[in-house]
1. State the three equivalent ellipsoid semi-axes of region 9-83, derived from the C-alpha gyration tensor as the square roots of 5 times its eigenvalues, in descending order and whole Å.
2. Which percent of Cα-Cα pairs in region 4-50 sits in each 10 Å bin, short to long?
3. Please report the accessible area of Asp125 (heavy atoms, 1.4 Å probe, ligands and nucleic acids excluded) in Å², nearest 10.
4. Could you compute how much accessible surface Asp58 exposes when probed at 1.4 Å, giving the result in Å² to the nearest 10?
5. Count neighbours as other Cβ atoms within 10 Å of each site's Cβ, and list the trypsin sites (Lys or Arg not before Pro) in region 37-76 that are DSSP loop with at most 15 such neighbours.
6. In the chain, what percentage of the DSSP-assigned beta bridges are antiparallel, given to the nearest 5?
7. Can you compute the charge dipole magnitude of the chain about its Cα centre, using +1 on each Lys and Arg Cβ and -1 on each Asp and Glu Cβ, nothing else charged? Give it in debye, rounded to the nearest 20.
8. Grab the Cα-Cα distance for Glu90 and Lys63, subtract it from 0.36 nm times how many residues apart they are, and report the gain in nm with one decimal.
Amino acid sequence: MKILVVYSSKTGNTKKIADAIFEILPEPKEIYSVQDAPPPEGYDFIAVGFWVNKGTADNAAQKYMKTIKGKKVGLFATLGAYPNSMHAKESMANGKELLTGNEILAEFICQGKVDPDLLARMPKDGPHAMTPVRIQRLDEAKKHPNETDCLYAQNAFREILPELV
Ligand SMILES: Cc1cc2nc3c(=O)[nH]c(=O)nc-3n(C[C@H](O)[C@H](O)[C@H](O)COP(=O)(O)O)c2cc1C
């Protein structure tokens, strides 16, 4: 079974998870950023990863995901919100919808530090200003993805290894 890992990552968080997942997948396997990825047709299992942008997959990932048809797939993502939040569940559901027509075997999502440039542009007051709750969430995000996230991501994909022979 030919395996392909494709990730979209602006600041490296999703790439870190992609590398961890790639490590435990069996040969033959290839890994690419979405910008360099080959078409999915030549592969049997595709693990695709996105960073969450406005509650769904980022644009580059979306474009690639829509080209995957009739495959066994795994989906992974990173986001600023907590991984057990409704926002994370909805973001994952939106990601899955882009993979309609494929068989999703594994999924994983975790927090990833938010681009400091974006944080610097956030309003200092008004309805979108920082609250203590948001500051706490962003502070937690700064610590991710960490080694435990990588291990959990590997475990999520390790479970499906029997299906990848
Ligand atoms: C423009 C932009 C939009 C974002 N939108 C969301 C969002 O809707 N929800 C969320 O939880 N995180 C959001 N984030 C945070 C990123 O999803 C998160 O930091 C992610 O780990 C970045 O991954 P990367 O390092 O692979 O690019 C956003 C970040 C940016 C820069």
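1. Over the Cα atoms of region 9-83, the ellipsoid semi-axes are 20, 15, 11 Å.
2. Whole-percent P(r) values from 0 Å outward: 29, 59, 12.
3. Solvent-accessible area, nearest 10 Å²: 120 Å².
4. 10 Å²
5. Working: sites: Lys54, Lys63, Lys66, Lys69, Lys71, Lys72; in loops: Lys54, Lys66, Lys69, Lys71.
Listed in order of number, the matching sites are Lys54, Lys66, Lys69.
6. Details: 2 of 27 bridges.
In the chain, approximately 5 percent of DSSP beta bridges are antiparallel ones.
7. Values: 21 positive and 21 negative charges, 95 e Å.
Dipole of the chain, to the nearest 20 debye: 460 debye.
8. Details: separation 27, 0.36 × 27 = 9.72 nm, distance 1.89 nm.
In short, 7.8 nm is gained.
The values are calculated or read from the model by the stated rules, or taken from the named source; none is laboratory data. All figures in this text were calculated on a predicted structure; none of them were measured in a lab. Here Cβ is always computed from backbone atoms with ideal geometry, including for glycine, and neighbour counts include all displayed protein chains. We work out accessible area using only protein heavy atoms, side chains counted, and drop any ligands, DNA or RNA first. Shrake-Rupley method; radii C 1.70, N 1.55, O 1.52, S 1.80 Å.
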